[in-house]
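S.K.: Starting off with a structure, shown below.
Just so it is clear, none of the values below were taken in a lab; they were calculated from the coordinates. Keep in mind the model is a prediction, meaning the values are calculated, not measured. Note: ideal-geometry Cβ built from the backbone for every residue, glycine included; neighbour counts use all protein chains shown.
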Amino acid sequence: MLSRINRLTSSSEIENLKQTGDKLHTDYFIIVYSPNTLGHPRCAFVVSPKVSPLSVTRNRIKRLTSEALRLSAGFKSAAKDFVFIAKRSAAGASLSAISADIEFTLTKIG
């Protein structure tokens, strides 16, 4: 699990980022990102009931995404805020697939 310092916790921050940030579509996520002035990355996960009606599946997606980010070297060096909005395809994805998707995206973002 990501430490509290690496999470966006305020819903107003998340909504503001969703409206003003740059968007990038991947196989499993819509990633909204914007630079921050804190010097470390922060992120939030949004998994709608449209992705899966089962809360077990939605929480699994959040856990796998959090673990993939924790292991990612590109995430630790980025001074950006991220919102990961899950797509339906993320419901059946493995940790390795999500990790590869996130690594590719973080190298693309820079």
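S.K.: Look at segment 2-46 and say how many of its residues are in contact with a helix residue (DSSP H, G or I) (Cβ under 6 Å, 6 or more places away or on another chain) and more than 21 Å from Phe104 (Cα to Cα).
M.R.: Total satisfying the criteria: 1.
S.K.: Do you know which residues across segment 89-110 are touching a Ser or Thr at 6+ places or on another chain (Cβ under 8 Å) and surrounded by fewer than 18 Cβ atoms within 10 Å (Cβ to Cβ)?
M.R.: Ala91, Glu103, Phe104
S.K.: Another question about this same structure. All but one of (1) more than 17 Å from Thr107 (Cα to Cα); (2) hydroxyl-bearing (Ser, Thr, Tyr); (3) surrounded by 11 or more Cβ atoms within 10 Å (Cβ to Cβ) hold for Ser72, so report the exception by its number.
M.R.: Only one criterion is unmet by Ser72, namely (1).
S.K.: Among the residues of segment 66-78, how many are among the small types (Gly, Ala, Ser), in a helix (DSSP H, G or I) and out of contact with any Asp or Glu (no Cβ under 9 Å at 6 or more places or on another chain)? Steps first, answer last, please.
M.R.: Residues of segment 66-78 among the small types (Gly, Ala, Ser): 66, 68, 72-74, 77-78.
Still in the running and in a helix (DSSP H, G or I): 66, 68, 73-74, 77.
Retained after the next criterion (residues that are out of contact with any Asp or Glu (no Cβ under 9 Å at 6 or more places or on another chain)): 66, 77.
Qualifying residue count, segment 66-78: 2.
S.K.: Would you be able to say whether some residue in segment 79-86 is out of contact with any helix residue (DSSP H, G or I) (no Cβ under 6 Å at 6 or more places or on another chain), part of a loop (DSSP other than H, G, I, E, B) and surrounded by 13 or more Cβ atoms within 10 Å (Cβ to Cβ)? Write out each step before concluding.
M.R.: The initial filter retains those residues of segment 79-86 that are out of contact with any helix residue (DSSP H, G or I) (no Cβ under 6 Å at 6 or more places or on another chain), namely 79-80, 82, 85.
Next, from what is left, pick out any that are part of a loop (DSSP other than H, G, I, E, B): 79.
This time we only want the ones that are surrounded by 13 or more Cβ atoms within 10 Å (Cβ to Cβ), so: none.
No, the conditions are met nowhere in segment 79-86.
S.K.: Counting only residues that are within 12 Å of Ala93 (Cα to Cα) and loosely packed, with under 14 Cβ neighbours inside 10 Å, how many does segment 34-62 have?
M.R.: Residues flagged as within 12 Å of Ala93 (Cα to Cα) and loosely packed, with under 14 Cβ neighbours inside 10 Å within segment 34-62 amount to 0.
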